[in-house]
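Engineer: Sharing a structure with you now.
The values are calculated or read from the model by the stated rules, or taken from the named source; none is laboratory data. This is a predicted model, so every value here is computed, not measured. For neighbour counting, all protein chains shown are included, and Cβ atoms are generated from backbone atoms with ideal geometry for every residue, glycine included. Surface accessibility is based on the protein's heavy atoms, side chains included, excluding ligands, DNA and RNA. Shrake-Rupley method; radii C 1.70, N 1.55, O 1.52, S 1.80 Å.
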Amino acid sequence: MSDMFRLPLGDVVEGAVRWLIDALGGFFDVVAVVFGGLYDWLDASLSTPPFWAVILVVAAFAYWSKGLVLAVGSALGLLVIVAIGQWSNAMDSLALVILAAAVAIVIAVPLGIWAASSDRVSAVLRPVLDFLQTMPAFVYLIPAMLIFGVGPVPGMVATIVFALAPGVRLTELGIRGVDAEIVEAGHAFGASPGRILRQIQLPLALPSIMAGVNQVIMLSLSMVVIAGMVGAGGLGGAVVQSLSRIDIALGVEAGLSVVILAMILDRVTSGFSAPRERRSRTSGDAATAAATTADEPRPAASTPDAATTADDRRQPVAV
């Protein structure tokens, strides 16, 4: 009886995926070549130099982002990864995270801007983003593996799809949160919509956009570990290997390396928006103080005539 009322949704989706493979096989081959080449180049750029050189570069970015404390902490964390023998796997995962997050951000930010400028686009994108965020991460690996085979490319594509949603949502939220009076002032001064977007909306929405970038990177890192199941390698491959062997030591070392990378990426990316916020807040306080000082009444100048007049007023009236 249950088979009579069964909706063959899975079969329909499988047929659609196989049709896409047959119809767009050439396009998928190009995507696989481009992503594979970029991954190999970035992985070689991170793995070929000595570990101390990469640590110095990461520490420099951390210092630029938040200062000396984060730079020292990032360097110590990466030295721990070197000490436990997970440096090569960590660089493989870092290359995949950087590339997947960069592609996801390039797609998410324009979509968020488009959704913020059109209620109709926002209404269409909202259920799609809900679907992308609530679908279990493992499900993305199945069509990606069917299309691109085994290796880092299917893991990268699945990571891009999985990490896309928060970048779109927070970009739209940041732009919609810009004060309407400021935008109207830009229109009143004759600014074009593109100039208002570049010089008013995007700068004011930057904290929210950077929060979306941070979330995209964090989700990319979590998905990269899961992508180790389809041969993506890196720390995800080490975690899968530890599961298959029930190797507690390897699992702890790979998991700790993931945690260290996540902490470094989280602090560095969140730090790039903090200086702008502090500068804006400082400028606003300075402007408020200047305006308050300008509005305060100035004391009258102490002149001999004024003093004499004041003394005359205090004399008793003779009757």
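Engineer: Can you tell which of A188, A232 is more than 23 Å from S122 (Cα to Cα) and touching a residue at least 40 places away in the same chain (Cβ under 8 Å)? If you could, list the steps in order and put the result at the bottom.
Structural biologist: On the way: A188 fails: touching a residue at least 40 places away in the same chain (Cβ under 8 Å).
Answer to the check: A232.
Engineer: Scan V31, V82, V97 and give me the residue that is without any contact (Cβ under 8 Å) to a residue 40 or more places away in the chain and among the β-branched types (V, I, T).
Structural biologist: Numbers: V31 fails: without any contact (Cβ under 8 Å) to a residue 40 or more places away in the chain; V97 fails: without any contact (Cβ under 8 Å) to a residue 40 or more places away in the chain.
Checking each option against the conditions leaves just V82.
Engineer: Hey, another quick one. Show the residue pairs meeting these rules: Cβ distance below 9 Å; 6+ apart or different chains; first residue within region 50-73 and touching a residue at least 40 places away in the same chain (Cβ under 8 Å); second residue open to solvent by 80 Å² or more (accessible area, probe 1.4 Å) and of a type in the set (F, W, Y).
Structural biologist: Short answer, once both residue conditions are applied: L70/Y63.
Engineer: Criterion first (within 25 Å of V33 (Cα to Cα), of a type outside the set (A, V, I, L, M) and in contact (Cβ under 8 Å) with a residue 40 or more places away in the chain) does G151 satisfy it?
Structural biologist: Values: within 25 Å of V33 (Cα to Cα): yes; of a type outside the set (A, V, I, L, M): yes; in contact (Cβ under 8 Å) with a residue 40 or more places away in the chain: yes.
Against the criterion (within 25 Å of V33 (Cα to Cα), of a type outside the set (A, V, I, L, M) and in contact (Cβ under 8 Å) with a residue 40 or more places away in the chain), G151 qualifies.
Engineer: Does at least one position in region 43-63 carry a residue that is acidic (D, E), assigned to a helix (DSSP H, G or I) and open to solvent by 80 Å² or more (accessible area, probe 1.4 Å)?
Structural biologist: So far as region 43-63 goes, no, none of its residues is acidic (D, E), assigned to a helix (DSSP H, G or I) and open to solvent by 80 Å² or more (accessible area, probe 1.4 Å).
Engineer: Which residue out of G212, G231, G151, G177 is buried (at least 23 other Cβ atoms within 10 Å of the Cβ) and not basic (K, R)? Give the steps one after another, and end with the answer.
Structural biologist: On the way: G231 fails: buried (at least 23 other Cβ atoms within 10 Å of the Cβ); G151 fails: buried (at least 23 other Cβ atoms within 10 Å of the Cβ); G177 fails: buried (at least 23 other Cβ atoms within 10 Å of the Cβ).
Being buried (at least 23 other Cβ atoms within 10 Å of the Cβ) and not basic (K, R) holds for just one of G212, G231, G151, G177, which is G212.
Engineer: Right, something else. Taking region 138-148, which residues are out of contact with any Phe, Trp or Tyr (no Cβ under 8 Å at 6 or more places or on another chain), among the aliphatic types (A, V, I, L, M) and touching a residue at least 40 places away in the same chain (Cβ under 8 Å)?
Structural biologist: L141, A144, M145, L146
Engineer: Could you check region 122-151 and list, in sequence order, the residues that are at pLDDT 90 or above and more than 21 Å from the chain's Cα centre (by Cα)?
Structural biologist: Selection gives A123, V124, P127.
Engineer: Against the conditions (1) more than 30 Å from G255 (Cβ to Cβ); (2) exposed (fewer than 13 other Cβ atoms within 10 Å of the Cβ); (3) modelled with pLDDT of 85 or more; (4) not basic (K, R), where does F189 fall short? Just the number, please.
Structural biologist: Status for F189: all satisfied but (3).
Engineer: Got a sec? Which helices (runs of 4 or more DSSP H) wholly within region 193-264 have at least 1 residues that are within 17 Å of I105 (Cβ to Cβ) and touching a Ser or Thr at 6+ places or on another chain (Cβ under 8 Å)?
Structural biologist: Of the helices (runs of 4 or more DSSP H) lying wholly inside region 193-264, those with at least 1 residues that are within 17 Å of I105 (Cβ to Cβ) and touching a Ser or Thr at 6+ places or on another chain (Cβ under 8 Å) span 206-227.
Engineer: Can you pull out every residue in region 113-137 that is touching a residue at least 60 places away in the same chain (Cβ under 8 Å) and loosely packed, with under 14 Cβ neighbours inside 10 Å?
Structural biologist: None - no residue of region 113-137 is touching a residue at least 60 places away in the same chain (Cβ under 8 Å) and loosely packed, with under 14 Cβ neighbours inside 10 Å, so the list stays empty.
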